[in-house]
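S.K.: Please find one structure pasted underneath; my questions will follow.
Nothing in this text is a laboratory measurement; each read-out follows from the coordinates by a stated rule. All figures in this text were calculated on a predicted structure; none of them were measured in a lab. Every residue, glycine among them, receives a Cβ derived from its backbone with ideal geometry; neighbour counts consider all protein chains shown.
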Amino acid sequence: MQLKIEVEQEEDGRYLAEAPELPGVLAYGRTRQEAIQRVQALALRVIADRLEHGEPAPELTELFAVAA
């Protein structure tokens, strides 16, 4: 699975990045790249928290390979 990231520039010049598949996962940055990096880090933290608590999380088939 790949998480889509949407980025837009606010009127004040800051960038807002959001991962729509994970409600509430959005982050601001001074640059486009900074906003993307921040939302990626936040998305990973949210997914890890969900896994730790047995809550539904996106399939991570593209991220991990489990040896048989």
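S.K.: What does the charge count near Leu44 come to, summing +1 for each Lys or Arg and -1 for each Asp or Glu among other residues with Cβ under 12 Å from its Cβ?
M.R.: Here the count lands on +2.
S.K.: Mind checking the angle between helix 32-52 and the chain's longest principal axis? C-alpha axes, 0 to 90 degrees, to the nearest 10.
M.R.: The angle comes out near 30 degrees.
S.K.: Oh, and also: Pulled fully out, how much extra length does the chain show between Glu10 and Arg30, if you take 0.36 nm times their separation in residues and subtract their Cα-Cα distance?
M.R.: 6.2 nm
S.K.: Given the rule -39500 (n - 2.57) for each run of at least 4 DSSP H residues, summed and divided by the residues of the chain, what is its mean residue ellipticity at 222 nm, to the nearest 500 deg cm²/dmol? The partial results should precede the final answer.
M.R.: Details: 1 runs with 21 residues, N = 68.
Counting only the DSSP helices, I get -10500 deg cm²/dmol.
S.K.: Can you tell me the equivalent ellipsoid semi-axes for the chain? Use √(5λ) from the Cα gyration tensor, largest first, whole Å.
M.R.: Here the semi-axes work out to 27, 12, 9 Å.
S.K.: A follow-up question, please. Note down the net charge around Gly29, summing +1 for each Lys or Arg and -1 for each Asp or Glu among other residues with Cβ under 10 Å from its Cβ.
M.R.: Numbers: positive: Arg14, Arg30, Arg32, Arg38; negative: Glu34.
With Lys, Arg at +1 and Asp, Glu at -1, the net is +3.
S.K.: Please report the relative contact order for the chain, taking Cα pairs under 8 Å with a sequence separation of at least 6, and give it as a percent rounded to a whole number.
M.R.: 24 percent
S.K.: Right, another one. Compute the length gained on full extension between Glu52 and Leu3: take 0.36 nm times their separation in residues and subtract their Cα-Cα distance, giving the result in nm to one decimal.
M.R.: Extra length from Glu52 to Leu3 when fully extended: 15.7 nm.
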